[in-house]
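One structure below.
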Amino acid sequence: MYEIISKKSLNSSVEWMEVHAPFVARKCESGQFIILRVDEDGERFPLTIADYDREKQTITIIYQIVGFSTQKLSQKQVGDFIHDFVGPLGRPADLKPHKRVLGIGGGVGAAPLYPQLKRLHELGASVDVILGGRSDEFVILEDELKAFCDHVYVATNDGSKGTKGFVTDILNELVSQGTIYDEIITIGPLIMMKVVCDITKDLGIPTSVSLNPVMVDGTGMCGGCRVTVGGKIKFACVDGPDFDGHLVDFEECMRRQSMYKEEEHLCKINLGG
Amino acid sequence: MANMNPKKVSMPEQDPTLRSQNFEEVSLGYTLNLAQEEALRCLQCKHKPCVAGCPVNVPIPEFIQKLAEGDIKEAYRIITNENTLPAICGRVCPQENQCEKLCVRAKKGESVGIGRLERFVADYIMEGSTDEVHDIPKNGIKVAVVGGGPAGLTCAGDLAKLGYEVTIFEALHALGGVLMYGIPEFRLPKLLVQKEIQNIINLGVRIEKNVIVGRSITIDELFQEGFKAVFIGSGAGLPTFMNIPGENLNGVYSANEFLTRSNLMKAYDFPNNPTPVKIGKKVAVVGGGNVAMDAARTARRLGAEEVYIVYRRGESELPARLEEVHHAKEEEIIFKLLSNPTKILGEEGWVVGMECIEMELGEPDASGRRRPVEKQDSAFTLDVNTVIIAIGQSPNPLICQTTAGLDTHKWGGIVVEEETMKTSKENVYAGGDVVTSAATVILAMGSGKKAAKAIHQKLTSA
Ligand SMILES: Cc1cc2nc3c(=O)[nH]c(=O)nc-3n(C[C@H](O)[C@H](O)[C@H](O)COP(=O)(O)OP(=O)(O)OC[C@H]3O[C@@H](n4cnc5c(N)ncnc54)[C@H](O)[C@@H]3O)c2cc1C
Ligand SMILES: Cc1cc2nc3c(=O)[nH]c(=O)nc-3n(C[C@H](O)[C@H](O)[C@H](O)COP(=O)(O)OP(=O)(O)OC[C@H]3O[C@@H](n4cnc5c(N)ncnc54)[C@H](O)[C@@H]3O)c2cc1C
Ligand code: SF4
Ligand code: SF4
Ligand code: FES
């Protein structure tokens with residue numbers, strides 16, 4: 001059982017939670033994730049490790065309430081317990097020291113993006129970031145990112161904050177102004193990552209994406225998380241979740257992600273792109 | 001007076017039509033009367049050929065004798081001295097290839113129903129109380145066991161009996177390994193698995209669930225934490241795919257995923273349980289082992305109308321337990337033998353069929369089995385909308401990748417010394433499917449036992 005140490009809400013559908021999980025906190029790195037079950041007989045579902053504190057033995061998760069299980073999680077309060085919390089899972093992000101890096105986060109994708117950018121900053125890179133969301137309220141972690149990013153750009157669909165439009169509009173503008181990035185990391189809805197990759201492929205900018213297929217065990221046992229990367233089958237939970245975005249078969253990812261559409265009660269995951 | 005009936009006393013079973021719509025256990029087990037009647041078929045052979053066929057040497061005639069006399073408690077004690085999971089083994093051992101194969105009664109008629117009797121004794125005792133907590137003096141020596149499947153559980157139990165402070169580290173949220181996530185409820189009720197596991201925990205074994213060795217903690221770190229020996233029983237959990245076109249279509253499952261969703265996550269009870277599983281009206285299961293039979297029979301229970309087993313060799317080569325094949329047939333599973341899939345067909349991303357080719361058996365291969373070869377111009381298409389791939393599993397490479405000095409075979413299995421289950425790394429032992437690749441529950445238990453003995457010798461002789 002894993003105690004909830006603190007909790008806050010970031011907007012009407014995104015929450016931030018700190019959980020006591022000694023076995024995860026002792027070893028985790030940026031880019032890794034956990035799988036949890038809120039209650040006995042709950043569903044296993046993955047969330048990225050947004051932050052960690054080795055001393056306090058805690059892990060921070062940031063999640064969007066999209067359906068049944070994330071709703072269940074949201075009902076838990078400080079002092080309550082999460083039944084199962086396993087990790088760290090996945091490979092740590094392969095973060096190379098770069099001169100200049102751009103992060104592009106869509107909606108709750110900013111959460112997994114944050115620890116990677118923070119780590120790159122610590123490694124000496126200058127970091128810019130573009131955040132996207134449906135509206136003002138859905139742009140998360142702006143202040144946290146401002147703490148170390150040189151530039152934080154924002155795009156919202158309705159123009160209630162920053163540029164009206166998509167993150168890719170800002171990306172196009174930045175590169176057309178001649179800004180040069182050694183690498184781009186983009187995390188968010190699949191369609192957003194795909195469009196970003198289409199653009200950066202033409203420009204020849206290495207681009208890493210974080211895939212979020214449906215997972216069960218997270219240890220390589222079920223193969224449900226398989227994705228095609230560079231023509232080869234990979235298990236996102238052990239070979240990823242980060243991959244070279246220019247090699248990912250996004251069409252297949254999108255199709256596979258919709259496998260349980262009928263079974264999911266409500267789904268707002270595509271928010272933000 | 002021995003019962004000389006050439007046939008086993010038959011065991012009551014759920015009616016096939018009825019049971020293919022529920023997840024309750026198929027075989028209902030003997031009553032005390034039936035069990036004693038069957039026990040009397042045992043001739044109490046002095047040379048005990050049957051025992052030689054049991055990988056953990058259950059004293060078969062001895063326990064049967066006690067059962068016949070009505071002393072079930074003593075029968076249970078005799079069995080559990082050698083086998084800590086009798087209710088499970090009585091149900092899932094491939095008895096026809098082990099103890100029962102060597103039974104003298106099998107020469108004229110059917111063997112004694114050893115497995116059924118073992119199951120009866122265990123069930124009978126476990127109906128009563130199982131919370132007997134043992135007070136074994138601890139010797140203060142810590143041993144870590146990786147994986148809570150039959151291999152790990154057995155090793156942990158045996159070491160705990162000797163006074164070691166044993167901790168099992170298990171990656172999933174439940175102990176049991178394949179017993180919990182793989183073998184379905186209708187063949188092995190989970191409540192029962194939990195009871196037998198509880199018996200082992202009651203010996204004083206500590207459990208750390210949700211810990212993945214290799215990720216949450218490494219083998220070397222376990223030694224730093226004061227563990228003096230480590231037993232790796234992490235199983236063979238990595239699913240094999242066929243590498244044919246269409247395998248990533250929606251509607252294609254590995255048997256592991258399909259069975260895990262249905263068993264461990266209880267998707268059969270969706271939406272009472274939140275984990276879903278998709279099943280079409282027509283299902284093809286590829287493979288011919290126990291895993292394939294379990295997947296096919298589960299699909300049937302989840303509402304599939306037509307379920308095919310597609311297997312590239314013939315009936316007599318099916319690796320599944322005889323009883324499972326027999327039960328599958330009764331449940332109207334259709335066997336497409338000597339057939340091999342070549343392509344899965346899709347429309348709008350979903351499976352709509354599977355192309356296969358007929359096979360015939362050619363020359364024996366390295367394993368001594370006749371190798372299936374394709375028949376010319378024999379392609380045909382199965383009209384299905386779900387495909388479940390059950391062609392085998394190999395060990396998960398995670399532990400080996402993160403442990404320096406641990407030798408493995410090319411196919412991923414850990415190399416061990418057969419007598420002691422000792423690996424190439426000092427004080428690290430391994431057993432079960434991670435060593436043998438997908439095998440049986442009882443072999444996994446046997447290796448856990450051997451390792452416990454060797455660990456004890458090593459740690460006390462030092
Ligand atoms: C590696 C990884 C990291 C993730 N990190 C985050 C994160 O940091 N913050 C966050 O808000 N979300 C994250 N997600 C997505 C999160 O797991 C889903 O939002 C969650 O499972 C939804 O469950 P639900 O029952 O509330 O919604 P449902 O209504 O059941 O599903 C909504 C959508 O969530 C996805 N989903 C459902 N079940 C699973 C599952 N078992 N595994 C993966 N995806 C599933 C599907 O795309 C589905 O369409 C991550 C996913 C992966 C694979
Ligand atoms: C569907 C199915 C049906 C079967 N039917 C039969 C049958 O009828 N009769 C029979 O005798 N055999 C049967 N088998 C085979 C039998 O179940 C296995 O041979 C046996 O379970 C192997 O035991 P094990 O302890 O080696 O591994 P497992 O049972 O696989 O247990 C390994 C455990 O280790 C855990 N683990 C893995 N990696 C790690 C890690 N890094 N850290 C921590 N924990 C880890 C796993 O989660 C798992 O709990 C069947 C197998 C399947 C899949
Ligand atoms: S453990 Fe298995 S092989 Fe041994 S006696 Fe029991 S059923 Fe037979
Ligand atoms: S071989 Fe058969 S008849 Fe003989 S002791 Fe064993 S079980 Fe009994
Ligand atoms: S989630 Fe099961 S193999 Fe990746």
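The values are calculated or read from the model by the stated rules, or taken from the named source; none is laboratory data. This structure is a prediction, so every number in the text was calculated from the model and none was measured. No Cβ is skipped: glycine too gets one built from the backbone with ideal geometry, and neighbour counts run over all protein chains shown.
Worth pointing out:
- Some residue of the stretch A:169-177 being buried (at least 20 other Cβ atoms within 10 Å of the Cβ), within 21 Å of the chain's Cα centre (by Cα), away from ligand 2 (no atom under 16 Å from the Cβ) and not assigned by TED's automatic domain parsing to the domain that holds A:I49: yes
- Among strands (runs of 3 or more DSSP E) entirely within the stretch A:49-97, having at least 1 residues that are more than 16 Å from ligand 5 (Cβ to nearest atom) and assigned by TED's automatic domain parsing to the domain that holds A:V216 singles out no element at all.
- For the stretch B:238-268, filtered to residues that are in a helix (DSSP H, G or I) and among the aromatic types (F, W, Y), the residue that is farthest from the other protein chains (Cβ to nearest Cβ) is B:Y268.
- Going through (1) buried (at least 21 other Cβ atoms within 10 Å of the Cβ); (2) modelled with pLDDT under 95 one by one, B:V283 falls short only on (2).
- Out of A:I205, A:I185, A:I191, sole residue that is more than 14 Å from ligand 1 (Cβ to nearest atom), outside any loop (DSSP other than H, G, I, E, B) and more than 14 Å from chain B (Cβ to nearest Cβ): A:I185
- B:E62 being of a type in the set (D, E) and near ligand 4 (Cβ under 10 Å from one of its atoms): yes
- Candidates A:V214, A:V227: the one that is within 16 Å of ligand 1 (Cβ to nearest atom), at the interface with chain B (Cβ under 10 Å from one of its Cβ atoms) and assigned to a strand (DSSP E or B) is A:V227.
- Long-range neighbours under 6 Å by Cβ, at least six apart or interchain, first residue closer than 17 Å to A:R44 by Cα and within 11 Å of ligand 2 (Cβ to nearest atom) within the stretch A:219-230, second of a type outside the set (S, T, N, Q) and part of a strand (DSSP E or B): A:G220/A:F235; A:G220/B:L238
- Matching residues, the stretch A:246-262, being under 22 Å from A:D202 (Cα atoms) and either at pLDDT below 90 or within 8 Å of chain B (Cβ to nearest Cβ) (or both): A:E252
- Extreme residue, nearest to ligand 4 (Cβ to nearest atom), among residues of the stretch B:220-237 that are away from chain A (no Cβ under 11 Å) and within 19 Å of B:H409 (Cα to Cα): B:G233
- Selection status of B:K101, surrounded by fewer than 21 Cβ atoms within 10 Å (Cβ to Cβ), within 16 Å of ligand 2 (Cβ to nearest atom), in contact (Cβ under 8 Å) with a residue 12 or more places away in the chain and outside the structural domain of B:L203 (by TED's automatic domain parsing): yes
- Helices (runs of 4 or more DSSP H) contained in the stretch B:366-462 and holding at least 1 residues surrounded by fewer than 17 Cβ atoms within 10 Å (Cβ to Cβ) and away from ligand 5 (no atom under 16 Å from the Cβ): B:441-461
- The residue that is nearest to B:L175 (Cα to Cα), counting only those in the stretch A:230-240 that are more than 8 Å from chain B (Cβ to nearest Cβ) and in a strand (DSSP E or B), is A:F235.
- Residue among B:T17, B:T80 that is in a helix (DSSP H, G or I), away from ligand 1 (no atom under 16 Å from the Cβ) and in contact with a Pro (Cβ under 9 Å, 6 or more places away or on another chain): B:T80
- When B:E348 is tested against (1) surrounded by 13 or more Cβ atoms within 10 Å (Cβ to Cβ); (2) within 14 Å of chain A (Cβ to nearest Cβ), just one condition goes unmet, and that condition is (1).
Residue-wise test of (1) closer than 30 Å to B:T260 by Cα; (2) within 16 Å of ligand 3 (Cβ to nearest atom); (3) in contact with a Leu (Cβ under 9 Å, 6 or more places away or on another chain).
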site	(1), (2), (3)
A:G188	yes, no, yes
A:M193	no, no, yes
A:K201	no, no, no
A:G204	no, no, no
A:N212	yes, no, yes
A:M221	yes, no, yes
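- Once the stretch B:207-219 is narrowed to residues that are more than 8 Å from every other protein chain (Cβ to nearest Cβ) and crowded, with 18+ Cβ neighbours inside 10 Å, the residue that is farthest from A:G87 (Cα to Cα) is B:I219.
- Reported count of residues in the stretch B:31-55, each being surrounded by fewer than 21 Cβ atoms within 10 Å (Cβ to Cβ) and out of contact with any Leu (no Cβ under 7 Å at 6 or more places or on another chain), is 13.
- Top-ranked residue of the stretch A:16-31 - restricted to ones that are crowded, with 24+ Cβ neighbours inside 10 Å and at the interface with another protein chain (Cβ under 10 Å from one of its Cβ atoms), ranked as nearest to the chain's Cα centre (by Cα): A:C28
- Residue satisfying condition, being away from ligand 3 (no atom under 16 Å from the Cβ), more than 14 Å from every other protein chain (Cβ to nearest Cβ), touching a residue at least 12 places away in the same chain (Cβ under 8 Å) and touching a Gly at 6+ places or on another chain (Cβ under 9 Å), within set B:V434, B:V416: B:V416
- Check on B:L67, more than 16 Å from ligand 5 (Cβ to nearest atom), part of a loop (DSSP other than H, G, I, E, B) and over 23 Å from the mean Cα position of the chain (by Cα): no
- A:R100 being away from ligand 3 (no atom under 16 Å from the Cβ) and either within 14 Å of chain B (Cβ to nearest Cβ) or crowded, with 17+ Cβ neighbours inside 10 Å (or both): no
- Counting only residues that are within 14 Å of another protein chain (Cβ to nearest Cβ), touching a strand residue (DSSP E or B) at 6+ places or on another chain (Cβ under 6 Å) and β-branched (V, I, T), the stretch A:49-97 holds 5 of them.
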